[in-house]
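Notes for the one structure printed next.
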Amino acid sequence: MQIMRGLVLILFSFLLQSHALGLSIVYDGFSCLSAVDSNDPTPTITPIQSKFEVIEDAGEGIYRLSLTGGIPRFVNNNQNVCIDSTTAIGYSGIPAIDGLPRQLEFIDATAYFNGKELMIVISSMYTDLSARSNPFLPFTTSSVFALTNTLIMEFNPNLSSFSLKKVLRNRGFTQTNESTNLIAPFQETVLPSFNETARDRPKILTPVSNIDFFLQ
């Protein structure tokens with residue numbers, strides 16, 4: 001059995017390296033009831049698919065991916081799982097081209113696969129579009145969150161699937177406010193980690209339920 005498992009791993013690794021482009025892994029689930037609350041994994045009844053598609057083989061086990069649909073959202077010690085299609089993919093915008101930032105339909109990701117373990121990193125930007133400018137109110141920019149999700153999966157050759165084992169999640173925060181200080185007319189808040197409180201640490205999440213991505 002161990003010999004057969006090894007042969008399957010070698011064959012799969014060869015196929016992935018030789019015919020990677022267009023290869024996808026998918027997880028079928030339901031959208032999140034709360035679009036932006038990372039602590040709420042309550043699913044809706046609306047089906048949605050998390051899909052990673054290989055768009056470039058960068059060599060040495062590194063791949064560029066395209067993510068559509070979002071990624072599974074869960075919290076420790078809770079069996080609920082939903083697919084976060086809002087913050088995981090995020091927003092993008094150049095004022096001269098797009099006007100206001102717009103929600104993306106897909107986002108790039110980067111992966112490393114060694115034949116047994118798959119690691120995927122997704123970096124996205126989310127904004128609440130709350131910027132306001134009023135002569136009678138202080139100037140404040142929108143709240144902008146920089147999010148990084150690292151997914152660690154284990155390959156199951158018998159099922160041709162990848163089982164999600166860990167998610168490392170971090171949310172940063174930036175915002176600018178008007179200041180009455182003449183030396184510094186603006187006050188900029190920059191927090192590399194703001195998951196729950198200022199200057200906290202990235203979350204290490206372990207799913208209770210099985211979350212399996214299947215080859216497609």
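The values are calculated or read from the model by the stated rules, or taken from the named source; none is laboratory data. This structure is a prediction, so every number in the text was calculated from the model and none was measured. No Cβ is skipped: glycine too gets one built from the backbone with ideal geometry, and neighbour counts run over all protein chains shown. We work out accessible area using only protein heavy atoms, side chains counted, and drop any ligands, DNA or RNA first. Shrake-Rupley method; radii C 1.70, N 1.55, O 1.52, S 1.80 Å.
Ordering 62-69, 74-81, 197-204, 104-111 by mean Cβ neighbour count within 10 Å, with the highest value first, yields 62-69, 104-111, 74-81, 197-204. According to the calculation over all Cα-Cα pairs in the chain, the P(r) per 10 Å bin from zero is 8, 29, 31, 19, 9, 3, 1, 0 %. Relative to one another, the C-alpha centroids of segment 144-187 and segment 191-216 are positioned 9 Å apart.
The lysines whose alpha-carbon is closer than 20 Å to the alpha-carbon of residue 116, local same-chain residues fewer than 8 away aside, are 51, 165, 166.
From helices alone, the chain scores -3000 deg cm²/dmol at 222 nm; the rule is -39500 (n - 2.57) for each run of n ≥ 4 DSSP H residues, then divide by the residue total. Of the accessible area of the chain, with the probe set at 1.4 angstrom, what percent is carbon plus sulfur? Of all accessible area on the chain, carbon and sulfur atoms account for 57 percent.
At a probe radius of 1.4 angstrom, the accessible area of the chain per residue rounds to 58 square angstrom.
Relative to the longest principal axis of the Cα atoms of the chain, helix 2-18 runs at roughly 60 degrees.
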